[in-house]
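Colleague: There's a structure below that I have some questions on.
The values are calculated or read from the model by the stated rules, or taken from the named source; none is laboratory data. Values in this document were obtained by computation on a predicted structure and should not be read as measured data. Cβ placement follows ideal geometry from the backbone for every residue including glycine, while neighbour counts extend to all protein chains displayed. Heads up: the accessible areas ignore ligands, DNA and RNA and are worked out on the full protein's heavy atoms, side chains in. Shrake-Rupley method; radii C 1.70, N 1.55, O 1.52, S 1.80 Å.
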Amino acid sequence: MPNRFRMLVALGGAASLFVGLVTATAVKPVDAQWLDREVATATLTAKTIPPPLLAGTTPYCSWNSVITTTALIFTWAPPAGYASTSVRITAQKGGATQVITGATTTSSGGVYTTTVPVSLLNALGSLLGATVVIHLAVVDQPTGWLSKPVDYTWTMTLAGIAVSCSGQPT
């Protein structure tokens, strides 16, 4: 029995030594630590890009029409702090949308008049008997963020003649 007792004491001592070593190596020192009882609050606000302004006379849009409509025309003004070159024009018919390049814009007294030839809208398919929406949005150059658009809507007959239009902010 005495040998058995010595053996149990030796095993118990070895187990205690092993547990002590494992515990000592598992706890690692911390490089930095602090405790601060101060509380701070903050408010974050995202930048809001202002939309273009409806300008000119209502309904802010028109069309030229001899036999069929060949151009859609709309008036607008850039918001304060933005130039006319900061706008993006897209056209939509049904589910199809395209960016419009090649439109011409003139300015008179702070009112811009943009003319979009119907031929630039060919990617939208036939314009016969359609509703076409031109979206005009301001692009913030540093971020690429877009404003809410101003929408100009034309209703066209089966003969390709515009019969009505309206401009409104969204």
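Colleague: Test of understanding: what is the full-extension gain from Q33 to S166, defined as 0.36 nm times their sequence separation minus their Cα-Cα distance? Kindly include the intermediate steps, with their values, before the conclusion.
Modeller: Details: separation 133, 0.36 × 133 = 47.88 nm, distance 6.37 nm.
Gain on extension, Q33 to S166, equals 41.5 nm.
Colleague: Which semi-axis lengths, in whole Å and largest first, follow from the square roots of five times the eigenvalues of the Cα gyration tensor of the stretch 57-99? Could the numbers behind the result be given before it?
Modeller: Numbers: eigenvalues 108, 57, 16 Å².
Taking √(5λ) for each Cα gyration eigenvalue gives 23, 17, 9 Å.
Colleague: Then there is this: Would you kindly derive the ³J(HN,Hα) couplings of the stretch 84-89 from the backbone phi angles with the Karplus curve 6.51 cos²θ - 1.76 cosθ + 1.60 (θ = phi - 60°), listing them in order in whole Hz, with x for Gly and Pro?
Modeller: Result, ordered by residue: 5, 6, 8, 9, 10, 10 Hz.
Colleague: Sticking with this one: Classify the stretch 23-139 as rounded, prolate or oblate, taking a ≥ b ≥ c as the square roots of the eigenvalues of its Cα gyration tensor: rounded when a/c is under 1.5, otherwise prolate if a/b is larger than b/c and oblate if not.
Modeller: Numbers: a/c = 4.71, a/b = 2.54, b/c = 1.85.
Prolate shape, in that a/c is at least 1.5 and a/b is the bigger ratio.
Colleague: Right, here's the next one. Carbon and sulfur: what percent of the stretch 78-155's accessible surface (1.4 Å probe)? Kindly include the intermediate steps, with their values, before the conclusion.
Modeller: Details: 2070 of 3750 Å².
Answer for the stretch 78-155 is 55 percent, counting heavy atoms of protein chains only.
Colleague: Next up: For the stretch 27-91, state the average projected area of the convex hull of the C-alpha atoms over all orientations, rounded to one decimal in nm². Write down the numbers at each step before the final one.
Modeller: Values: hull surface 47.0 nm².
Reported value for the Cα convex hull: 11.8 nm².
Colleague: For a protection proxy built on the mean count of beta-carbon atoms within 10 angstrom, sort 152-158, 72-78 highest first, please.
Modeller: Working: 152-158: 18.9, 72-78: 22.9.
Taking the mean over residues of other Cβ atoms within 10 Å, the ranking is 72-78, 152-158.
Colleague: Please give the length that would be gained between R88 and V133 if that part of the chain were fully extended, namely 0.36 nm times their separation in residues minus their C-alpha to C-alpha distance (nm, one decimal). Could the numbers behind the result be given before it?
Modeller: Numbers: separation 45, 0.36 × 45 = 16.20 nm, distance 1.36 nm.
Working it through step by step, the gained length comes to 14.8 nm.
Colleague: Moving to a separate point now. Please report the net charge: other residues with Cβ closer than 13 Å to the Cβ of G81, K and R +1, D and E -1. Write out the running numbers ahead of the final one.
Modeller: Values: positive: K47; negative: D140.
Neighbour charge sum, excluding G81 itself: 0.
Colleague: Oh, and also: Apply 1/(1 + (r/R0)^6) to the Cβ-Cβ distance of A40 and L146, taking R0 = 35 Å, and write down the FRET efficiency to the nearest 0.05.
Modeller: On the way: r = 33 Å, r/R0 = 0.95.
Working from the Cβ atoms, E equals 0.60.
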